[in-house]
1. I36 fails exactly one of the following numbered conditions: (1) among the β-branched types (V, I, T); (2) modelled with pLDDT of 95 or more; (3) part of a helix (DSSP H, G or I). What is the number of that condition?
2. Can you pull out every residue in region 745-758 that is surrounded by 14 or more Cβ atoms within 10 Å (Cβ to Cβ), outside any loop (DSSP other than H, G, I, E, B) and not hydrophobic (A, V, I, L, M, F, W, C)?
3. Given A187, A242, A217, A254, which one is modelled with pLDDT under 95 and either outside any strand (DSSP E or B) or in contact with a strand residue (DSSP E or B) (Cβ under 7 Å, 6 or more places away or on another chain) (or both)?
4. Give me the residue from region 535-553 that is of a type in the set (G, A, S) and over 14 Å from T568 (Cβ atoms) and, out of that set, surrounded by the most Cβ atoms within 10 Å (Cβ to Cβ).
5. How many of the residues in region 560-574 are free of Cβ contacts under 8 Å to residues at least 40 places away in the same chain and in a loop (DSSP other than H, G, I, E, B)?
6. For D501, are the conditions met, namely being open to solvent by less than 10 Å² (accessible area, probe 1.4 Å) and either over 27 Å from N432 (Cβ atoms) or assigned to a helix (DSSP H, G or I) (or both)?
7. Please list, ordered by first then second residue, the pairs with beta carbon atoms under 8 Å, 6 or more apart or interchain, first in region 684-699 and at negative phi, second of a type in the set (D, E) and not in a helix (DSSP H, G or I).
8. Does L347 satisfy being open to solvent by less than 20 Å² (accessible area, probe 1.4 Å), under 25 Å from D310 (Cβ atoms) and not polar (S, T, N, Q)?
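The values are calculated or read from the model by the stated rules, or taken from the named source; none is laboratory data. The model shown is predicted, which means the values in this text are computed figures rather than measured ones. All Cβ positions, glycine included, derive from the backbone under ideal geometry; neighbour counts span all protein chains shown. Heads up: the accessible areas ignore ligands, DNA and RNA and are worked out on the full protein's heavy atoms, side chains in. Shrake-Rupley method; radii C 1.70, N 1.55, O 1.52, S 1.80 Å.
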Amino acid sequence: MSSREFPERAGTVIVGAGIVGNSLAYHLARMGRDDIVLMDKGPLPDPGGSTGHASNFLMPVDHSKEMTHLTQRSIEQYREMDTFNESGGIEVARTEERMAENRRRMQSAKAWGEPAELLTPEEVEELVPYIESDVIEGAFYTPGAGVCDPLRAGEIMRERADAIASGEVPPDEYDTEAVSDGGVQQAQESSGEGQGLHVFPNTEVLDMHVEDGAIQAVETDRGTVHSDEVVIAAGLWSPKIARMAGVEIPLSPAVHQLVSVGPISFFEEFEGEISHPVVRDMDTQMYERPSGNDMEVGSYQHRPILWDVDEILSIDEAPLSPTQPPLTEDAFEQSMMDALELMPEVLDDPEAGVRYEIDGLLSQTPDGAPLLGPLQDVEGLWSAAAIWIKEAPAIGEMVAQWMTEGWSEVDLHSSDVNRFYHYGNSTKFVKNRAHEGYKKTYGIVHPAEQWQSSRPLRTSPFYNRQEDLDANFFEAAGWERPQWYESNEDLLETYSEEIEDLRRPAEWDSRWWSPIILGEHLHMRDNVAMVGDMGFAIFDFRGGDVVDYLEGMVVGRVDVDVGKTVYTPVLAENGGFVSDLTIVRLGPEHYRVITGGAAGGSDRAWFDDHIPEDADVKLIDQSESLCTLGLWGPDARNVLEEVVEEDVSHEGFAPYTAKEITVGDVDAHALRLSYVGELGWEIYTTMAKGQRLWDTLAEAGEEYDIRPVGMGVYGTTGRMEKGYRLFGHELESEYNPAEAGLTFHGVKDADFVGKEAYEQAIEEENSATLCTLSVDDHAPEGGERRFMLGNEPVLDGDGEVIVDEEGRRSYVTSAGTGPSLGKHLLMAYLPPEHAEEGEQLLVEYMGQQYPVTVDRVGSKPLFDPDNERIRS
């Protein structure tokens, strides 16, 4: 690695030389980047970030498929570099509630393909003889867990990156034996100008130069290096670096307390870095990790202690390192007592003492996930921040692939840095959510659990009316959206017979849910309902080149008549999903793109990034300017005709079209389409007129018993009955439109991103097809009826997880009740041998297997399969 003079120019600059920056440099070199500058303000091999003090154990199973697969790939990489020791990992439960959570973790392990088992207290004691088994109820065990050496891994990755980038080793034929230290040194010495990895420790970034919305250079205390591709991988310091470029990376430094106790006599007879499994004491939010003759005791139990990045000491000032301030002793007292209760034999060893104690600093984001991808306000500037040791090598690989190919093998949508765009970047918001999220680190988090801090933040003009109706609000992208209305409780009696067998008696299944949703759904099917606001992200595109630009962005043909709507997938080059959305042609050179609010930030970045520099195309974000009110049900036209000036008959306002209407005294724009499978419209107006729109329709609908209904109907019950796919669930980069049943557009003449892969997917036989299943028996072993919530493994008749020819495991992508069908519905991708209507399968949920039937293969709805209601 070159130690020559600081360069004036580089192809790629990476700020931060912890495990993330090192991994990114290595994988970028593998993928063709040959002029990389890697810098850090600290020394090497340990520049002073969390890479140097983390406890470095890797527990592979997470309820997130993305995080599990990233950890699995990271373990493979650490293992290949001989920097991983497999020890096994045990998550003990002190309560029955935690044991139920362990059964849920078992289903995630099966769904994502990680070996695991549940242990009795006696079985735990066999693996960890020094544990006090009387304290625990049982445990979740993953034999593939272990510990890594991220500092040594970083050294290896830097060596490899330089050898590849300088041309000494082919990118895909890396031979670790061929590149000994001498070989790397030879590569360094023979590196030509601009070739290789050039590493600069002890180099502080002073400023980021941005011109015309694009990164130009990184200014340091060694000089300024010009580059049009810069990655911020600076861990805790990432927000500070980002602000130099005028953008935000929303994270906060947070304390994770750690002490090391030793020497412990029990471990003296064992060799190696780790001799027994890592133990996570989940109910006390702690872990105990053997380290040689010591035991590291880490805690997330203490009160959240958040820092400001500017408070962190410099390397020269810090006693140990900048991210290892002294232990806040009073906060650790209870943690130590709990650890002693669990492992008194080793932690109360009279020969042992506390040899090391810190308030270790780590990155906490508003939702606990990493912050990855291009920062949309500065072209060429990327974020690779808030990443744990256990995922770092794979994230480095995936971000490198994203940078070089435009997509990644592991879908990173839930970690996209742009997900907080326009609402979640303020210091107050980040601190509030970081404080709340820290307490969830080892918590039992329900899949529908709602954040409580910094709310309400974004509200529609309907909000006050909805509050008056006792709406139960859920949040998405900062928007407050009713999930159901307590004012509709009377519908439980109206539809008591229809919903009796669909109620959820188990507390976990019914948490963050209400049977009122089922009543609201059936009322909409029988009468008429209002839904709003959906919290859409809305972008207008204008300009002389807008038709050609949008044709190149999406699968569907957009050169349609003014007033037509187009639902279409958006693809990456590999044919995987970037998004799915609706496009409305408003004029010859004017389109409106409507997408889900949660995907708004990433979709905006994708579209903006693909506008050619010389194109006459302008993107206008209308997300906070326009509100949306859905009006759906058999009586929707009757209600609208009461107050509208225009012809809204079937002939006057055809399905899947749009036009301007006047609702009472409110100018609006209406789309005749439906995500719930009913006659009706999405009606858009300005935020200023939204409340008037609500009041006008509510008054007009009184004689039809109009009801407001929540997103529980719009996003789940109505959607599931119609088999509509949801981005981030059914639609992700791992599956293609043919497998998802979304090839109804055919293949248009115009080129578009992902066209070649899309055509290939249509021509080839599906390796898996998205199917809709229903649960046959909710209590096959007797007892309480249970209702799946999503992400459960799908099994064949022998109880084995179904795997397609590409190695993808079948799991429940979405789950929700279909009240009009009287069934609980599931969606899952199934290989051809199981994608047969009437096929009998099993789904594992909370430790039990439930019989299910494949009701539909492909996208044809179970409810109103010919869409007669929508077209009525």
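1. (3)
2. Of everything in region 745-758, those that are surrounded by 14 or more Cβ atoms within 10 Å (Cβ to Cβ), outside any loop (DSSP other than H, G, I, E, B) and not hydrophobic (A, V, I, L, M, F, W, C) turn out to be K755, Y758.
3. Matching residue, one of A187, A242, A217, A254: A187.
4. Kept after step one, since they are of a type in the set (G, A, S), are these residues of region 535-553: 535, 537, 543-544, 552.
If we keep only those that are over 14 Å from T568 (Cβ atoms) too, we end up with 535, 537, 543-544.
On the way: G535: 23, A537: 26, G543: 16, G544: 12.
Here the answer is A537.
5. The total comes to 3.
6. On the way: open to solvent by less than 10 Å² (accessible area, probe 1.4 Å): no; either over 27 Å from N432 (Cβ atoms) or assigned to a helix (DSSP H, G or I) (or both): yes.
So D501 does not fit the description; no.
7. T685/D667; M687/E624; K689/D667; G690/D533; R692/D665; T696/D665
8. The answer is no for L347.
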